[in-house]
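**Q** Take this structure, written in structure tokens, and hold onto it; I'll ask about it next.
A short reminder: the numbers here are calculations on the coordinates, not readings from a lab. Just so it is clear, the model here is predicted, and its values are computed rather than measured. Positions of Cβ are backbone-derived with ideal geometry, glycine not excepted, and every protein chain shown enters the neighbour counts.
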Amino acid sequence: MTDQILIVEDDAAILELLTEELEEAGHIVTGVDSAEQAMRLSETTRFDVIISDIRLPGMDGMALLASLAQQPDRPAVIIITAFGSIEQAVDALQRGADDFLTKPLDLDQVRASVARLSQRRVLQNRHQVGEHRETFHLDELSSCTPAMSALFEQARRLATQQAAVLILGESGTGKELLAHALHREGPRRDGPFVAVNCASIAPDVMESECFGHVKGAFTGAIAHRRGLFQQAHGGTLFLDEVGDMPPALQAKLLRVLQTHCVRPVGSEEEQQIDIRIVAATNRALAERIEAGLFREDLFYRLETFSLTLPPLRERPDDIPLLAEHFIERYRREQGRPPMTLSPSALSLLWAYPFPGNVRELDNAILRAVTLAQADVLEPDDFPERFRQAAGTFEGHDAQTQEWLSLEQMEQRYIQRVLDAVDGNKRRAADILGIGRKTLYRRLEDR
């Protein structure tokens with residue numbers, strides 16, 4: 001397994017030496033000369049090991065260590081300094097450093113430390129990959145709505161292909177989760193999955209971030225750097241919010257899709273890459289094409305195979321299924337006994353419009369499982385905004401302050417939709433996300 005190493009060192013000679021040494025050992029190495037640059041990179045790239053000097057311009061290495069410690073899946077960190085002492089080493093290790101080396105550096109010791117920490121990461125990743133397979137495996141995904149079931153079946157077919165896929169949907173609908181599932185179901189499952197949010201990278205550095213650069217390409221380019229496209233070689237590159245990609249970079253992405261080659265900034269040579277592109281956006285790309293903000297030819301190249309994730313409010317029947325999944329996951333993580341939703345709590349979730357979609361439901365269940373004092377989740381375990389929304393929802397009787405049963409609420413909701421479409425059962429079934437036979441059966445049960 002190839003490791004991603006980030007070196008943070010303002011001494012150009014040492015940075016170049018460490019870069020060459022670790023690249024010869026088979027690692028992918030990125031070098032920067034400030035902790036601020038390291039923090040920006042760590043937000044878009046998943047590094048396995050970060051080697052940082054303590055004394056840096058601006059933010060120092062210990063402050064960088066403290067910031068990295070806040071990340072949920074932080075890389076291993078090696079602190080190096082020319083002014084080493086036992087007290088300083090102990091302090092760094094107590095603050096979360098994984099190793100502490102002093103200058104002049106023993107290169108054999110550096111290689112050994114990186115190898116040891118990389119191996120530890122491999123073991124950790126094997127455990128995490130097992131969890132991801134369980135979470136993102138397409139065979140694990142299910143839905144109560146025909147539209148979502150059809151979407152999952154289409155995704156299973158696309159997972160085995162090599163062509164680019166475009167995932168459409170509002171924020172929080174699970175676009176990155178679906179991208180993970182496509183990757184793990186396909187022939188590239190053992191390769192890297194590299195994700196980048198196109199809306200979070202400044203346009204003036206995005207080309208370098210995506211395609212890398214050679215030493216001396218611009219001020220501050222003190223070492224060769226592989227871009228995200230090269231890092232995804234043999235695997236999948238997930239371009240989140242591709243609708244926000246700068247137009248100039250869109251042309252280069254189109255060329256990559258056509259030629260399977262990238263050219264690092266400042267280089268005259270192209271590099272062959274073997275990647276699958278999965279892109280996602282919550283933007284209306286047709287409108288951005290009209291406004292001249294998105295290339296029409298790129299859209300058609302990406303849109304050949306597209307998957308659209310509907311918002312949660314359009315598939316309320318999935319709320320109990322998803323809630324049960326999240327409850328089981330979080331109660332296991334926290335070592336709690338089996339937990340369930342009370343009828344009133346489930347009614348509360350049905351009452352809420354979920355502007356944040358599945359992500360908001362996920363976070364609400366995490367909060368409820370964490371704070372609940374009993375094994376049955378009640379409305380009070382959920383945020384206040386959920387209870388406020390329920391007060392205006394027909395599933396809650398404002399006069400009696402009683403909740404309707406699921407059956408009562410379902411029947412009221414079906415009737416409300418039928419009234420809105422003047423009794424047109426075909427349109428009502430489409431809005432409800434159920435087949436007409438299912439609608440007729442539920443109407444007969446009233």
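**Q** What net charge is computed for the residues neighbouring Gly433, neighbours being all others with C-beta under 10 Å from the C-beta of Gly433, Lys and Arg scored +1, Asp and Glu -1?
**A** -3
**Q** Under a crude label model (7 Å from the Cα following the beta-carbon direction), how far is Lys425 from Glu328 in nanometres?
**A** Spacing of the two 7 Å Cα→Cβ label points: 3.5 nm.
**Q** If you don't mind, there's one more thing I want to ask. Full extension from Arg74 to Leu366: what is 0.36 nm times the residue separation minus their Cα-Cα distance, to one decimal in nm?
**A** Stretched out fully, the Arg74 to Leu366 stretch lengthens by 103.0 nm.
**Q** Long-range amide H contacts for Leu341: which residues qualify at under 5 Å (H placed 1.01 Å from N, peptide plane, sequence gap of 5 or more or a different chain)?
**A** Leu377
**Q** Okay, moving on. Under a straight-distance cross-link criterion of Cα-Cα below 26 Å, which lysines are reachable from Lys215, leaving out those fewer than 8 residues away in the same chain?
**A** Lys103, Lys252
**Q** Tell me which residues come under 5 Å, amide H to amide H, from Arg276 once H is placed; ignore anything under 5 positions away on its chain.
**A** Residues meeting the criterion, in which the H sits 1.01 Å from N, are Gly235, Thr236, Leu237.
**Q** Give a residue-ordered list of calculated ³J(HN,Hα) values for region 98-110 (Karplus: 6.51 cos²θ - 1.76 cosθ + 1.60, θ = phi - 60°; whole Hz; x for Gly, Pro).
**A** The phi angles translate into 8, 7, 9, 10, 10, 8, x, 6, 8, 4, 4, 5, 4 Hz.
**Q** Could you give the length gained by full extension between Asp91 and Gln415, i.e. 0.36 nm per residue of separation minus their alpha carbon distance, to one decimal place? Provide the component values of the computation, followed by the final result.
**A** Values: separation 324, 0.36 × 324 = 116.64 nm, distance 6.61 nm.
Length gained between Asp91 and Gln415: 110.0 nm.
**Q** For Ala66 and Asp380 in the same chain, what is the full-extension length gain: residue separation times 0.36 nm, less their Cα-Cα distance, in nm?
**A** 109.5 nm
**Q** Further question: Name the lysines eligible as straight-distance cross-link partners of Lys425: C-alpha to C-alpha under 19 Å, and not fewer than 8 places from it in the same chain.
**A** Excluding near neighbours in sequence, the set is Lys437.
**Q** I would also like to ask the following. What list of ³J(HN,Hα) values in whole Hz, one per residue of region 262-273 in order, does the Karplus curve 6.51 cos²θ - 1.76 cosθ + 1.60 (θ = phi - 60°) give from phi, with Gly and Pro shown as x?
**A** My calculation for region 262-273 gives 10, 10, x, 4, x, 9, 9, 10, 8, 10, 6, 10 Hz in order.
**Q** Assuming a viscosity of 0.890 mPa s and a temperature of 25 °C, what translational diffusion coefficient in µm² per second does Stokes-Einstein assign to region 262-316, Rh being the Kirkwood radius over Cα pairs?
**A** 170
**Q** Pop out the ³J(HN,Hα) list for region 235-242 in order, Karplus 6.51 cos²θ - 1.76 cosθ + 1.60 with θ = phi - 60°, rounded to Hz; leave Gly and Pro as x.
**A** With coefficients 6.51, -1.76 and 1.60, one gets x, 10, 10, 9, 9, 7, 6, 5 Hz.
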